[in-house]
Structures are given as structure tokens and as C-alpha cells.
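Below is one structure, written out as C-alpha cells; the observations come after it.
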Amino acid sequence: MGDGSARADEIHGDFKQGVPKMRIKGRSKVRVIKFAALAVIAIFVAGILVLAHLETMRSLLRDEIRHRLMTIATAATMLIDPEEHEKIAQAKDPDNPLYQKAVAKLRALAQQTLPEVRTKGLKLAREAIYTLVPSTGTTWHFVLDTMLPCDRDGDGKLDDDELPAQIGEPYDVSDFPEMRRCFLEGRPTADTDLTVDKWGVWLSGYAPLKDKNGRVIAVVGVDMNAETLVAIEGDLLKLAIVTFAIIVLTILFLALLLYRWQSTYEQLARTEELHRKLVEISADLVLSLDPDGNIKSVSPKVRSYGYEPESLVGHSVTEFVAPESKEQVSALLTNLRRGEPVQPIQISIVTSKGQVRHGEWRCFGVYEDGRLAEVWGGFYDLSQLLLLTKELKRKAEELSELSQEQARLLEDIRQQAEQIAVLDELVLAAIQRREIASVAQSVIDGLKSLFPQTGLAVLRHDAFTKSFVFVAGNEEALAVVQHLSPNRTVPEEAVQSLPRLQRGEIVKLDDLEAVNSEASQALLAEGFRSIVACPLHIGDEFLGFLAAFRPQPHSFTDDELAFLQRVANHLAIALHNAHLFEQLQRAYDELQQAQAMLVQQERLKALGQMASGISHDIGNALVPLLAYAELLEEHPDPKVREWGRQIGLAAEDIMHIVQRLRAFYRPRDPNEVLEPVDLNEIVRQVVDLTKPRWYDMPQREGITIDMSLELDESLPTIGGIAAELREALTNLIFNAVDAIVAKGETEGTITIRTGRRNGFVFLEVTDTGIGMDEETKRRCMEPFFTTKGEKGSGLGLMMVYGTMQRHEGQIEIESELGKGSTFRLLFPLKEAEVKEGDEEERTQALPPLRILLVDDDPRVRKILGELMKSWGHTIVVAEDGFSALDAFLVASHSGQPFDVVITDLGMPRMNGAELVRRIREHDRQVPIIIVTAWGKEHFAPGADAILSKPVHSQDLKSALWKVVRQRKVSEAVKGS
């Protein structure tokens, strides 16, 4: 028994020793943390020292290289004469002997001082010595460079970085602060950082080149290959890493030894005290039992259960536990007696007051000679823990519910924030954007994140075509619309819910398989089962709808419907505003066009009015010229007749030119007779007539112009005025020649084409000249606008414009600066008018007539009077309206009235219109013919006919015959 008691005491001590292990372990963790912290600090300090040493070595190494670079750069400045350097920079000639001498000196220095040059030679090495001339800003210019051109990368061509810098080549020094500091401070310096490129690693040094006054005129730079420096720095880094690793291992080893020593010391110092108080201070109930389960000893903790430790000694442990736990305790003791391993069990202990406490029982057996001698165990009271666990579980459930509610609220807040952001973007788009498609697409882009895997589209209603136009949408929506119609329009009949949308109702179709419409079939074909359509309304106006559709049926919630309708309301306002802006912009553009047309018309009107006065004077002057020319045409000598014909044509051309200037401010008279004109013949005539201008004159300046004709020989004739069309084509050819000459090239081409297009006949002149910019093309038709300086009048294209206006045609201009221009004249397919009876009027003989001729120009009175006298008529002339009226009244009262009155329109004192009115007061039957140089549009009321100056004899005969015949017809009708 003595041996057994000793063994029990030993086990009891071991048990008491095991209780405070958690506390000792806790202190060990603190101790570990302390030692770990000290080790980290030591390692950190060691790392700093190693890094500092590494940086010191790298700095010393780089300082040595930088000093070497500055020494080489300084030596280079001693080899360069500042004055010669300035001359080299000014001459910019690499063949200059001064340049060759300076570069040779620097290359010799490079071969002596630069390692890569010594190893590879000047041609293959990238190391170089060069000079840069500073200037304003960060752009400097190269002068000298020792590098030789060489294909260093072996690609078969010399790249820019394989060539030496050219004299004056610009170089941006904004990334080289040391170079700029060398210039500003006037002392040598070098880069602190390495430069890495495809050729290697480089370090550069600089020295100032000063003139005799000490002014820095250039900076000498030296580029040295620093790959050796990088290798040395890499070796230093490896050495530092190895050193640091050794130091770290040493610190960790020492820290571990110190930790083990202190742990052993503290454990030895506290073991006895901990063992002594273990049982007494234990927070749990400790029991020792004999093999039958009777209590041998119990810890003082049993007092918390209402028992004294001595009162339980000798009693069975089953008396101390609750009835439901007795079987478990008995089974556990049986297993211990069998020597079987046991696991902790859950039991309940009854206090002296009958309270039940739940806990865990852990125990082990002490064996002697294979037999159970004693049982030691501990009861861990878990009642409070269980209560706390239940309470924590309840709180956790409440917290979980609260978290779920908060998550739901956060999700709602996030969705609302995203919705507000979309609405804000919509409002911003409505303010910033003016195009309908842009506004709609911005809304679709904003909705994509809120409605993933959803087709989104905006369709605008077009009441005129009774369809919906796809304005914006994502790819899914575009596929559906194109399924319905390739041109992105959806007819109204395809939308079954159109009446509901027009009434402002939201249309929600949860399952499209139950809907039979063209739109629903297109959606199903693309894999969509449900759709929502929100109408876009502004007041009573239906603008369209916003559509959203998904592959799943019944997939849209009420909140999503409400939000989509809000978006649709804002979108309707934005689209309406964009539509109003488009209308305003269109109205503004139309107003600008109308203003431009009005300004153009006013300019032309002013020019025409100015020309009217000129044409009057020239017309009077041309009357005798044309009359005498016609007399010459009747001469028996053929040469004289030809002279007369040429004089007549010249007079007619002069008058045509003036009349075209005058006619710019008015459209062509619908009654004006047009003659059949063959445009191809016009082209051939003008090309022949202008050949000296486009062929001979440019050749004197060394320019060859090729004239190419591409004529449609099946072209029908048009109604027009041949002289005006010849003049218009002449102006276009002259302009083409000037454009080719202005371009400065030795060759050019003018191509003239004719043909038919869209109901028009066109005449096209294309040149390969200098072309026009947009401003010139816009103003080229303005009067007096010219790009030829003093050589141009600014009237050529203006006269072409007037010709086309009178021919009811159009002008198209295509031009690109530097490539040439094309002027295209479009004539409507309109047949020329044939004036019936002309031949009869020319051949019918007139009876002798008494004619009153009134004109303030004596030359006109003389030639017209003599001309009509030669026809057998009696002529009475008057120089103004008053004398003419007196002569008319005297003749009427004397019984010898005039058969015809011929009067000018513009006369002093009493003009022709007033004379006609006064004559008509006395005689409403006498024929009156107006002869004027102002144009036929100035027809005086009461006159019977009007002729333009200069007057052709045949036109005058025709007019006399016509008015006389009209008088005879009137008298016959009156007599009957």
C-alpha cells in the first residue's frame, strides 16, 4: 500500500502540474512575441546597415565613373576651339575642314578614353563624344558627333539611331537636367541615373565649352557604356544579400537560444508554486476516486456546489451526479477497469440544494501492475457556458435577421443610387446633347448595368410613315428590330399594344408565347419571353416607347416597372427638347442660306444696274457701227462683205457682253427666244478659238497643257444662246489655264466632257491645276472676287453664273487644293423655240411709210434715218420728247399723220415712256416702236414693240412689218 500511495501522490502531482499548462503556455506566447519583436528589430537594423553599406559602395563606384566622364568631357573642351565651333555651327556643312578637324580630335580622344571604343572600334561602338548648342526652351541642336554610321542591329538598313547626329539636328533635353545644369552653372557635371535602351546601359557626363569671355556657347557630352558598372553593382547586391542572410540566420539562432534559456529558467522557478496551488485555485472540480468509484479526495471548488470536501470522502461518485448521468459514469469506470481508453463525457452534477449543473467529465486511470489503482478526473462546469451559448445563438439569429434586413436595405439603397445616377445622366444628356440618337443611346448605356441580360431599345413613332424607327438600343434589341425589318423600322401593325401605348399605359407581357403578333414572334425568335413597353408622351403627343425584354417569363418586378416609367418620362422630355433643337438648327441653317442667296442677288443686282447705264451708252455707239457693217455686207466686193460681217459680229459680241452684265440681277424672260445649240459644236469652236491661250502662251513659259475632249456625240441640242455659251466656256478654259500655270508644274491637262445625267445635259471642264480651298470655292462666284491679284477682274465666273441663270441651269463645283478643279454646267433638256412667221416678215415688202424717229443721239438719228430712207420711207426726226410730241400733233392736224413712231427710251426732259403716254392720249392706233439699249424688260406701257440697240436692219424691218400688219388687222376688225 505504501508503494501505491507514493504512486498516487506522483500522479496527483502530475495532474496538478497539468492544470496550469494553459497559463504557462499563454506566458510563453507573450515571451515568443517579445523575442520575435527583438529579432525583427535586429534584422531590420542589420538590413539598414547592409543597405547603407551597399548604397555607399554604389555611390563611390558611380562617383568614380561620373568623375571620369566629367574629366573626359573637360578634356574634350580643351580640344575644341570655341571660335571654330561657332563657325561650324553657323556653316552646318559636314564637309567643312573645321568640322572634319574637330571631329577627328574628338574621335582620337574617344579611342584613348572610352572603353567600348577601344574594344570595338569607332564604327561598332555606341559610345560617343558630341556637342550641343543650347537655345531657347528645351530644344538644343547638335554640332559635333564622333559616332560613325553603322548597321549595328544587322537589319540591312541604317536607322536614325545608327547614324551620327547632323549639324543643327534638334534634340529635346527636357529629360536631362544635369546637361541643362552644366549650361546654367558653367561647370562639369554628369548624370546620376543610368539610361537604358536597346543598345545597352549608359551614363553621360557633360562639360561647358566657353568662349574667351567665359560665356558658355555649347555643352560637350560623353556617353559611356555602363554595363560593367551594372555588373559590379549586381555583384555588390548579391554580396549584400548573402551578408544579410547570414546576419539574419545568426540573429534568429541567438534569439532561439536566448528564448530557450529564459523559458527553462522561468519554468523551473514557477513549477513548484504552480503545482502546489493547482488544485486549490483550479476553476473546475477535481476528484480522485478508487477503482470502485468512491471519492478519495476533492478540490475546494466543491464548496461552490454546497458541499464540504471532507463530507464527500468515502461516498460513491454516483451519489454526487444526477440520475440520468449515473449510467454514463458507471460505464466509464468499467472501461477504465478494463484498461480501455475513454473519452470525455457530458454529465450533470446535483448541488446540495438540488440544482443541476451540466458539464464535461474528463478522467484518466492510474494503474499498478496492470490493475486500476486510482482514477483522477475533472468536472468542467459548462452551465453558464451553455446558457451563454443559447443566448449567443439567440442573439446571433437576431443579428442574422438584422444583417439580412440591412443587406436588403443596402441593396435597395444601391439600386436607388444607381437609378438616381441613371436619371442624373439622362438629365445631363438632355442638357449637353442635342441629337436624338445620342440622348437615347446615353439612356440605354446607363440602363445596361441596372438591367443585365435584358434587351433595351428606344423606338420613335413616325406618324407620317405609320411606323416606329429604331433610335438606340443594345445588341440584343438591334437583333430583334433587324429581324422585323432590315432598315430598322417597325410598322405600326406589328405592335399589337399600340392603342394602349398611345393612351399612356405601360404594357407588360409576362409570357410572349400567349401573344400572337409580329413583334412577339420576332422576340421569341431571338429567345425573349417577356417584355415591358413604357410610352413616351409630351402632353397629348405620342413620341414612341422605351422597351425592355428578357429571356425569362414573369421576370419584371413592380419596382422595375416604376423605375422604367420614370426613365421614360425623363427621356420623353429629353427627346422632345432634342427634336426642338434639331428644328431650330434646321431653321437657322435655312435662314443662313436664304441670307446668303439674298446677299448674292443684291450684289448681282447692283452690278446689273451699274451695267445698264454702260449698256445704254455703248448701245447708242454701236448703232451706226452695226448699221454701216450691214451696208458693207451688201457691197458687191466679197472682201468688203466679209469685212462688214466681221465688224457686225464684233459689235454684237460687245453688246452681248454688256447685256450679260446688266442681266445678272434679273432672271431670263420666259418669252425670250432660244435657238437650238449643239454643245459639242460649241466646245470645238471655243477650243479652236482659245488655242493660243491654252497651247501657245503656256509653252513660252515652259508649260505643256494637253486638251482632252470626251464628247457624247449622241447629245441632243438644247435651247440656248450660242454666243453666251461660247463666252462661258471661254472663261472656264481661261481659268483652267491660269490654275495649271499657278501650280508651277511643267505639265497639265484640261478635260472637257459632255453627256446626259438625270434629265440634264452637262458640260464639264476639269483641270489638274492648283485647286481651291473651301473659302475660295464658296466665294468664287462673287462679283469682283479674284485670286489672281491685279491680273484678274473677278467677273469671269460671275458671267458664267449669269449665263446659267438665264438658261435655267445649274453649276456644280468640285475642287481640292493641290489636285485641281471641276466646273460642271447642267442644262435642262429643253427644245429651242421656233418663231413662226420670221421668214415671212423678212421677205414681205413694206409700203412707203411716214415715220417719226425720236432719239437724243444724233448718230442714231442719222444712221437709222438714212437706213429707212433707203427702204423708201419718209423720215421725220426729233431730238427729244417735246419736239417729237409737237411734230406728231402738227402732222395729225395737218392731215398727214405718221404711220409709225420710233422712239428712244432714255432721253432728257421727256423720256420715251412719257412720250408714248402723251401720244396715246391723242392717238390710240398709231404703232409705236421702242428702241433702247437698256434691254427689253424696260417695255413702255402703250408701245407695240421694243428693239434693243444696236438694231439689226432685218430686226427693224420685221418690227415695222409686224406693227403695220397689226394695225391693218385692227382696222379691218373695226370696219367690219
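Farther than 30 Å from Pro553 by Cβ and modelled with pLDDT under 80: does that describe Ile413? The answer is no for Ile413. Checking the stated criteria, Asp904 turns out to be open to solvent by less than 40 Å² (accessible area, probe 1.4 Å) and more than 60 Å from the chain's Cα centre (by Cα). Applying a threshold of 6 Å to beta carbon distances and a minimum spacing of six or more residues, or different chains, the list of pairs starting in the range 83-94 at a residue that is without any contact (Cβ under 8 Å) to a residue 60 or more places away in the chain and ending at one that is part of a helix (DSSP H, G or I) reads Glu84/Leu98; Lys87/Leu98. The residue that is most open to solvent (accessible area, probe 1.4 Å), among those in the range 379-420 that are in contact (Cβ under 8 Å) with a residue 60 or more places away in the chain and not in a helix (DSSP H, G or I), is Tyr380.
Would you call Ala728 surrounded by fewer than 17 Cβ atoms within 10 Å (Cβ to Cβ) and either small (Gly, Ala, Ser) or in contact with a strand residue (DSSP E or B) (Cβ under 6 Å, 6 or more places away or on another chain) (or both)? For Ala728, the condition - surrounded by fewer than 17 Cβ atoms within 10 Å (Cβ to Cβ) and either small (Gly, Ala, Ser) or in contact with a strand residue (DSSP E or B) (Cβ under 6 Å, 6 or more places away or on another chain) (or both) - is not met.
Taking each residue of the range 335-354 that is assigned to a strand (DSSP E or B) and looking for partners that are aromatic (Phe, Trp, Tyr) with beta-carbon atoms closer than 8 Å, six or more apart or interchain, yields Ile345/Trp361; Gln346/Trp361; Ile347/Trp361; Ile347/Phe379; Ile349/Tyr305; Ile349/Phe320; Ile349/Phe379; Val350/Phe320.
For the range 526-566, a residue qualifies if it is touching an Asp or Glu at 6+ places or on another chain (Cβ under 6 Å) and polar (S, T, N, Q), and exactly one does: Ser530.
For the range 107-122, the count of residues that are of a type in the set (Asp, Glu), surrounded by 16 or more Cβ atoms within 10 Å (Cβ to Cβ) and closer than 15 Å to Gly221 by Cβ is zero. Screening the range 416-457 for residues that are among the polar types (S, T, N, Q) and at pLDDT 75 or above and picking the one that is nearest to Val480 (Cα to Cα) gives Thr454.
One residue stands out among those in the range 120-137 that are at pLDDT below 85 and polar (S, T, N, Q): the one that is farthest from Gly186 (Cα to Cα), which is Thr136.
Pairing residues of the range 230-243 that are touching a residue at least 60 places away in the same chain (Cβ under 8 Å) with residues that are of a type in the set (Lys, Arg), at Cβ distances under 9 Å and at least 6 apart in sequence or on separate chains, gives Ile232/Arg58; Glu233/Arg58; Glu233/Arg62; Leu236/Arg58; Leu237/Arg58.
Each row is one residue, and each column tells you yes or no for (1) acidic (Asp, Glu); (2) open to solvent by 50 Å² or more (accessible area, probe 1.4 Å); (3) touching an Asp or Glu at 6+ places or on another chain (Cβ under 9 Å); (4) farther than 15 Å from Phe379 by Cα.
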| site | (1), (2), (3), (4) |
| --- | --- |
| Asp292 | yes, yes, no, yes |
| Lys301 | no, yes, yes, no |
| Gly314 | no, yes, no, yes |
| Leu336 | no, no, no, yes |
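Does Asp145 fit the bill of being in contact with a helix residue (DSSP H, G or I) (Cβ under 9 Å, 6 or more places away or on another chain) and over 23 Å from Thr192 (Cα atoms)? No; evaluated as a whole, the condition is false for this residue.
Kindly indicate whether Gly759 is surrounded by fewer than 16 Cβ atoms within 10 Å (Cβ to Cβ) and at pLDDT below 85. For Gly759, the condition - surrounded by fewer than 16 Cβ atoms within 10 Å (Cβ to Cβ) and at pLDDT below 85 - is met. Within the range 172-190, take every residue that is within 30 Å of Gly154 (Cα to Cα) and crowded, with 16+ Cβ neighbours inside 10 Å and give me the one that is nearest to the chain's Cα centre (by Cα). By that ranking, first place goes to Val173. It is to be established whether one or more residues within the range 220-228 are among the acidic types (Asp, Glu) and over 21 Å from Val103 (Cβ atoms). Yes, there is a match, as at least one residue in the range 220-228 is among the acidic types (Asp, Glu) and over 21 Å from Val103 (Cβ atoms). Looking only at residues in the range 294-342 that are in contact with a Phe, Trp or Tyr (Cβ under 9 Å, 6 or more places away or on another chain), under 25 Å from Arg371 (Cα atoms) and of a type in the set (Val, Ile, Thr), the one that is modelled with the highest pLDDT is Ile295. Given the structure, is Thr250 surrounded by fewer than 14 Cβ atoms within 10 Å (Cβ to Cβ) and either in contact with a Ser or Thr (Cβ under 9 Å, 6 or more places away or on another chain) or at pLDDT 85 or above (or both)? In short, yes. Within the range 204-220, not a single residue is over 30 Å from Asp145 (Cβ atoms) and β-branched (Val, Ile, Thr). Kindly evaluate Thr139 against the criterion of being open to solvent by 40 Å² or more (accessible area, probe 1.4 Å), of a type in the set (S, T, N, Q) and touching a residue at least 12 places away in the same chain (Cβ under 8 Å). Here the answer is yes, as Thr139 does meet what is asked. For beta carbons closer than 6 Å, sequence separation of 6+ or different chains, a first residue in the range 176-204 that is of a type in the set (S, T, N, Q) and a second that is assigned to a helix (DSSP H, G or I) and surrounded by fewer than 16 Cβ atoms within 10 Å (Cβ to Cβ), the qualifying pairs are Thr189/Arg181.
No other residue among Thr690, Thr754, Thr717, Thr746 is in contact with a Pro (Cβ under 7 Å, 6 or more places away or on another chain) and either of a type in the set (Ser, Thr, Tyr) or open to solvent by less than 70 Å² (accessible area, probe 1.4 Å) (or both) apart from Thr717.
May I ask you to list pairs of residues, at least six apart or on different chains, whose Cβ atoms are under 6 Å apart, with the first in the range 59-80 being in contact (Cβ under 8 Å) with a residue 24 or more places away in the chain and the second being of a type in the set (Lys, Arg)? The qualifying pairs are Leu79/Lys105.
Restricting Val687, Val741, Val737 to residues that are of a type in the set (Val, Ile, Thr), outside any strand (DSSP E or B) and over 42 Å from the mean Cα position of the chain (by Cα) narrows the list to Val687.
Among the residues of the range 147-168, the one identified as at pLDDT 85 or above and open to solvent by 70 Å² or more (accessible area, probe 1.4 Å) is Gln166. Determine whether Ala479 is at pLDDT below 85, under 33 Å from the mean Cα position of the chain (by Cα) and closer than 18 Å to Ile531 by Cα. So Ala479 fits the description; yes. Of the residues making up the range 515-543, those that are on the phi > 0 side of the Ramachandran plot and at pLDDT 90 or above number 0. Listed here are the helices (runs of 4 or more DSSP H) enclosed by the range 782-894 that have at least 1 residues being over 60 Å from the mean Cα position of the chain (by Cα) and modelled with pLDDT of 80 or more: 858-870, 881-893. Check the range 67-87 and report whether any residue there is over 54 Å from the mean Cα position of the chain (by Cα), open to solvent by 80 Å² or more (accessible area, probe 1.4 Å) and at pLDDT 70 or above. Looking through the range 67-87, at least one residue is over 54 Å from the mean Cα position of the chain (by Cα), open to solvent by 80 Å² or more (accessible area, probe 1.4 Å) and at pLDDT 70 or above.
Within the range 493-502, take every residue that is touching a strand residue (DSSP E or B) at 6+ places or on another chain (Cβ under 8 Å) and open to solvent by 40 Å² or more (accessible area, probe 1.4 Å) and give me the one that is farthest from His554 (Cα to Cα). That would be Gln502.
The values are calculated or read from the model by the stated rules, or taken from the named source; none is laboratory data. Being a predicted model, the structure only gives us computed values, none of them experimental. Using ideal geometry, Cβ is built from the backbone for each residue, glycine included, and neighbour counts are taken over all protein chains shown. In case anyone asks, the SASA skips ligands and DNA or RNA and just uses the protein heavy atoms, side chains included. Shrake-Rupley method; radii C 1.70, N 1.55, O 1.52, S 1.80 Å.
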